[in-house]
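The values are calculated or read from the model by the stated rules, or taken from the named source; none is laboratory data. Since the model is a prediction, treat every value here as computed from it, not as a measurement. Cβ atoms come from the backbone with ideal geometry, glycine included; neighbour counts cover every protein chain shown. In case anyone asks, the SASA skips ligands and DNA or RNA and just uses the protein heavy atoms, side chains included. Shrake-Rupley method; radii C 1.70, N 1.55, O 1.52, S 1.80 Å.
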Amino acid sequence: MIIRPRRLRSSPAMRRLVAENRTHPGQLILPMFVREGLSEPVPISSMPGVQQHSLDSMRRAIAEAAELGVGGIMLFGVPEHKDAEGSGAIDPNGILNVATRAAVAEAGDALVVQTDLCLDEFTDHGHCGVLRERTHPVTGATELIVDNDASLERYREMGVAQAEAGSQLLGLSGMMDGQVAEVRDALDTAGHTDTPLLGYAAKYASAFYGPFREAVQSSLEGDRRAYQQNPANRREGIREVELDIDEGADVVMVKPAMSFLDVLADASAISSVPVWAYQVSGEYAMIEAAAANGWIDRRRAIEESVLSIQRAGAEAVLTYYATELAEWLRR
């Protein structure tokens, strides 16, 4: 006897009826870049269709996302001035905290306003933490490294500043050891016990972050391989997820999404908290470039890429396609 799985693929209605996964606008989170000093939005050349927002254009984009039922936004600040300590990150009048207050006022209860808690947008060296000098144990040369524990002190201050600005979820993306526990303690001590934490638990040192560097006008010197994860390692991703959960993360993240679907599936299988994934700037740029050249069907590629991330276990997806995809779903 021939086994005939095709029976359940015979029509659009049948395929919809037996679909194992579906995308809903409420599962989508829109990353947004807000740049200090802008009166009009500025296009990001390596991410066609994505902009650095002014405060006014950010408000309009939030209103559109809310109307379409998008689940949340993730805000990144792009300051005019940077320094070695990333002082703008804790300034109540710094661009990210100002944008957060404006976003919360615009969004109301329609979506979750989230903020990126990392120093890289605010430091003149572009690293995710505070630098210090050390003597290399082999060569004896003086070198600069990211000081994990000094960075945690800045993260504590950032966490309180963002919560006081009204952020409804803090995205800890710096990959410092102990960051979730430290920020949780700082928030609880300051009375922000109800502010949830998203731990970017399995965040890899990826080549797919390139366009993001343009988006935040990164001044990175060197690379981040000493604190972001080695793309060769799968088990290490699960160890990081378990550590973040143990430290009190309310949600955990795998980033990037498409090149680490195995890690995402592993995380989903063991996690006791929601698991999200980030379809990063390079993934977006590849789809846009291939579609612009006529090599792929743009809409089908977008839908398939997000669905594949969900199929691997993500309960929500950060994607630059969030609003556009939500509009398609509504239609």
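Using helices alone, what [θ] at 222 nm do you get for the chain, with -39,500 (n - 2.57) per DSSP H run of 4 or more residues, divided over all residues and rounded to the nearest 500? List each step's numbers first, then the result.
Working: 11 runs with 125 residues, N = 331.
Value at 222 nm, helices only: -11500 deg cm²/dmol.
In this structure segment 203-331 gives 46 Å² per residue of accessible area when probed at 1.4 Å with all protein chains present. Restricting the calculation to Cα atoms, segment 21-330 shows an Rg/Rh of 0.95 when the hydrodynamic-style radius is the Kirkwood one.
Please name which of Asn21, Ile3, Val50 has its Cα lying farthest along the dipole of segment 1-54 towards the positive end, using unit charges on Cβ (Lys, Arg +1; Asp, Glu -1) and the Cα centre as origin. So the residue furthest toward the plus end is Ile3.
Atom-type composition of the exposed protein surface of segment 1-131 places 52 percent of the accessible area on carbon and sulfur (1.4 angstrom probe).
Summing Lys and Arg as +1 and Asp and Glu as -1 over all other residues whose Cβ lies under 14 Å from the Cβ of Glu40 gives a net charge of +1. Between the C-alpha center of segment 275-304 and that of segment 24-62 there is a gap of 18 Å.
Under the rule a/c < 1.5 gives rounded, and otherwise a/b versus b/c splits prolate from oblate, where does segment 200-307 land using the Cα gyration tensor? Oblate, since a/c reaches 1.5 and b/c is not below a/b. Take each peptide in 2-8, 220-226, count the other Cβ atoms within 10 Å of every residue, and average; sorted highest first, the result is 220-226, 2-8. A simple count of charges around Arg235, restricted to other residues whose Cβ falls under 13 Å of its Cβ and scoring Lys, Arg +1 and Asp, Glu -1, yields -3. Grab the other residues whose beta carbon is less than 13 angstrom from that of Leu17, score K and R as +1, D and E as -1, and report the net. Within the 13 Å Cβ shell, the charges total +4. The C-alpha radius of gyration of segment 100-158, expressed as a fraction of 2.2 N^0.38 Å, stands at 1.67.
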